[in-house]
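A short write-up of the structure that comes next.
The values are calculated or read from the model by the stated rules, or taken from the named source; none is laboratory data. On a predicted model such as this, the values are computed, not experimentally measured, just so you know. So basically every Cβ, Gly included, is an ideal-geometry build from the backbone, and we count neighbours across all protein chains shown.
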């Protein structure tokens with residue numbers, strides 16, 4: 001027995017050396033942020049005078065106003081009674097990849113900034129097309145004239161959500177924001193002269209630029225609004241689902257500021273804010289984009305204030321047609337590249353007789369979600385959905401941007 005103990009003791013330094021060498025070997029493996037100085041494929045050096053250039057990379061840069069939304073499995077769909085009996089968002093299990101979303105709705109000041117730069121470098125026609133429709137406030141039987149004249153441009157409304165913008169205008173804004181943010185990131189990184197081969201595009205290989213700002217998919221929006229990350233218990237157990245982006249069945253806060261409403265909505269016929277001396281939800285129209293507590297993802301006003309455009313084309317059968325990983329419904333022209341298939345072939349617009357005005361459903365009809373200052377509480381539930389032509393605008397619809405988490409498998 002003593003002989004075996006002595007052998008074991010003599011082997012201890014050898015085993016320690018083996019473990020240490022194994023650890024060194026493991027730590028020398030290249031990663032995206034630390035690729036090493038020599039190619040594992042060819043043995044050639046990176047970044048010498050004639051060699052392949054590998055830029056420094058420390059992960060996706062942080063985009064302005066964006067909040068990280070950790071993806072995962074969830075149950076999408078309406079948990080409320082279907083008051084219209086459409087049954088167009090039945091519950092089903094899907095997985096949504098991690099992404100980013102604006103913590104607030106895009107505000108008037110952000111759109112004014114957009115118009116300022118559009119006016120500097122775009123045609124007059126495009127500038128005119130980018131103006132929000134302020135007449136959405138007008139009504140023949142109401143004195144809303146002050147909102148028509150003041151809501152968009154008066155400084156007091158700077159950080160109120162922009163309204164009167166169509167889905168198409170929101171998409172244009174996302175494209176402009178992408179280009180503007182990336183130009184600043186490139187300048188800050190010292191990329192003032194772009195390689196001729198890039199065609200003026202900031203190369204993705206630099207790791208400096210962000211992916212595109214865009215409208216969130218309906219699945220992303222609903223997942224982010226529900227924010228069930230706050231209901232986790234132990235290992236992958238959720239203690240409860242939610243009717244609204246907060247816990248409980250009530251629209252009022254049970255905690256700090258007890259009794260105050262948690263969203264800006266229409267309480268009932270003719271009741272938008274309560275009575276003088278106690279205007280409970282604080283707003284007869286829209287409200288400050290940071291008003292009301294954020295949900296568990298840190299997103300403000302995912303219920304109420306304004307409805308929000310999402311990317312999806314509307315179809316009643318989307319819940320059963322689309323994939324269960326990152327579901328979305330779009331048109332051919334939405335892809336940005338040539339596709340041979342029709343993404344709406346399983347539920348074509350011809351079924352709904354839009355051509356003869358017997359339906360509002362077409363390939364140019366988009367989903368909006370979330371409820372607004374003029375909606376009753378039913379529409380505050382993330383699973384509810386409505387639709388409107390993509391070139392239309394109202395005083396109750398705004399939007400926020402989203403972005404993929406690049407280089408991630410979750």
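Name the residues in segment 99-140 that are under 19 Å from residue 178 (Cβ atoms) and in contact with a strand residue (DSSP E or B) (Cβ under 9 Å, 6 or more places away or on another chain), would you?
99, 100, 101, 102, 103, 104, 105, 106, 107 - these are the residues of segment 99-140 that are under 19 Å from residue 178 (Cβ atoms) and in contact with a strand residue (DSSP E or B) (Cβ under 9 Å, 6 or more places away or on another chain).
Can you tell me which of (1) part of a helix (DSSP H, G or I); (2) surrounded by 19 or more Cβ atoms within 10 Å (Cβ to Cβ) is the one residue 184 doesn't meet?
Single failed check for residue 184: (2).
Of the conditions (1) assigned to a helix (DSSP H, G or I); (2) touching a strand residue (DSSP E or B) at 6+ places or on another chain (Cβ under 9 Å); (3) surrounded by fewer than 21 Cβ atoms within 10 Å (Cβ to Cβ), residue 170 satisfies every one except a single condition; which number is it?
With respect to (1) assigned to a helix (DSSP H, G or I); (2) touching a strand residue (DSSP E or B) at 6+ places or on another chain (Cβ under 9 Å); (3) surrounded by fewer than 21 Cβ atoms within 10 Å (Cβ to Cβ), residue 170 is out only on (3).
Looking only at segment 319-343, which residues are at negative phi and touching a strand residue (DSSP E or B) at 6+ places or on another chain (Cβ under 7 Å)?
Just the residues of segment 319-343 that are at negative phi, to begin with: 319-325, 327-335, 337-343.
Residues satisfying the conditions are 319, 324, 325, 327, 328, 329, 330, 331.
So, in segment 300-326, how many residues would count as being buried (at least 18 other Cβ atoms within 10 Å of the Cβ) and in a loop (DSSP other than H, G, I, E, B)? Walk me through how you get there before you give the answer.
Applying the first criterion (buried (at least 18 other Cβ atoms within 10 Å of the Cβ)) to segment 300-326 yields 300-315, 318-319, 322.
Checking which are in a loop (DSSP other than H, G, I, E, B) leaves us with 300-306, 314-315, 322.
Here the count works out to 10.
Is there any pair with a first residue in segment 240-268 that is modelled with pLDDT under 85 and a second that is buried (at least 16 other Cβ atoms within 10 Å of the Cβ) whose Cβ atoms are under 7 Å apart and which are 6 or more apart or on different chains, and what are they?
Pairs found: 259/253.
Being closer than 30 Å to residue 154 by Cα and either at pLDDT below 90 or surrounded by 15 or more Cβ atoms within 10 Å (Cβ to Cβ) (or both): is that true of residue 67 here? Quick ask: steps written out before the conclusion?
Values: closer than 30 Å to residue 154 by Cα: yes; either at pLDDT below 90 or surrounded by 15 or more Cβ atoms within 10 Å (Cβ to Cβ) (or both): yes.
Taking the combined requirement at face value, the residue satisfies it.
For segment 110-128, what are the residues that are farther than 16 Å from residue 170 by Cβ and within 24 Å of the chain's Cα centre (by Cα)? Walk me through how you get there before you give the answer.
First, pick out the residues of segment 110-128 that are farther than 16 Å from residue 170 by Cβ: 116-117, 119-125, 127-128.
Within segment 110-128, just 117 meets the criteria.
Going by what's in this entry, would residue 72 be described as within 18 Å of the chain's Cα centre (by Cα), surrounded by 12 or more Cβ atoms within 10 Å (Cβ to Cβ) and on the phi > 0 side of the Ramachandran plot? Let's see the steps before the verdict.
Numbers: within 18 Å of the chain's Cα centre (by Cα): yes; surrounded by 12 or more Cβ atoms within 10 Å (Cβ to Cβ): yes; on the phi > 0 side of the Ramachandran plot: yes.
Yes.
What do you reckon, is residue 211 surrounded by fewer than 19 Cβ atoms within 10 Å (Cβ to Cβ) and under 26 Å from the mean Cα position of the chain (by Cα)? Steps first, answer last, please.
On the way: surrounded by fewer than 19 Cβ atoms within 10 Å (Cβ to Cβ): yes; under 26 Å from the mean Cα position of the chain (by Cα): yes.
Taking the combined requirement at face value, the residue satisfies it.
Restricted to segment 82-102, and to residues that are farther than 23 Å from residue 366 by Cβ and at pLDDT 95 or above, which residue is surrounded by the fewest Cβ atoms within 10 Å (Cβ to Cβ)?
Going through segment 82-102, the residues farther than 23 Å from residue 366 by Cβ turn out to be 93, 95, 98.
Next cut, at pLDDT 95 or above only: 95, 98.
Values: 95: 16, 98: 14.
Among them, the one singled out is 98.
Spot the failing condition for residue 329; the list is (1) surrounded by 14 or more Cβ atoms within 10 Å (Cβ to Cβ); (2) farther than 16 Å from residue 385 by Cβ; (3) touching a helix residue (DSSP H, G or I) at 6+ places or on another chain (Cβ under 8 Å), and only one is missed.
The failed condition is (2).
Would you list the helices (runs of 4 or more DSSP H) that sit entirely within segment 106-153 and hold 3 or more residues that are surrounded by 15 or more Cβ atoms within 10 Å (Cβ to Cβ) and in contact with a helix residue (DSSP H, G or I) (Cβ under 9 Å, 6 or more places away or on another chain)?
Here the list reads 108-121.
Would you confirm whether any residue within segment 372-380 is without any contact (Cβ under 8 Å) to a residue 12 or more places away in the chain and under 23 Å from residue 171 (Cα atoms)? Break it down stepwise before answering.
So in segment 372-380, the residues without any contact (Cβ under 8 Å) to a residue 12 or more places away in the chain come out as none.
Within segment 372-380, not a single residue is without any contact (Cβ under 8 Å) to a residue 12 or more places away in the chain and under 23 Å from residue 171 (Cα atoms).
Does residue 225 satisfy the condition of being more than 23 Å from residue 61 (Cβ to Cβ), in contact with a helix residue (DSSP H, G or I) (Cβ under 8 Å, 6 or more places away or on another chain) and assigned to a helix (DSSP H, G or I)? So that I can check it myself, show each step before the final result.
Numbers: more than 23 Å from residue 61 (Cβ to Cβ): yes; in contact with a helix residue (DSSP H, G or I) (Cβ under 8 Å, 6 or more places away or on another chain): no; assigned to a helix (DSSP H, G or I): yes.
No; evaluated as a whole, the condition is false for this residue.
Scan (1) outside any loop (DSSP other than H, G, I, E, B); (2) over 30 Å from residue 286 (Cα atoms); (3) touching a helix residue (DSSP H, G or I) at 6+ places or on another chain (Cβ under 7 Å) for the single condition residue 176 breaks and write down its number.
Residue 176 satisfies every listed condition except (2).
Regarding residue 235, is this residue closer than 26 Å to residue 73 by Cβ, modelled with pLDDT under 85 and in a loop (DSSP other than H, G, I, E, B)? First the steps, then the outcome.
Details: closer than 26 Å to residue 73 by Cβ: yes; modelled with pLDDT under 85: yes; in a loop (DSSP other than H, G, I, E, B): yes.
Criteria met by residue 235.
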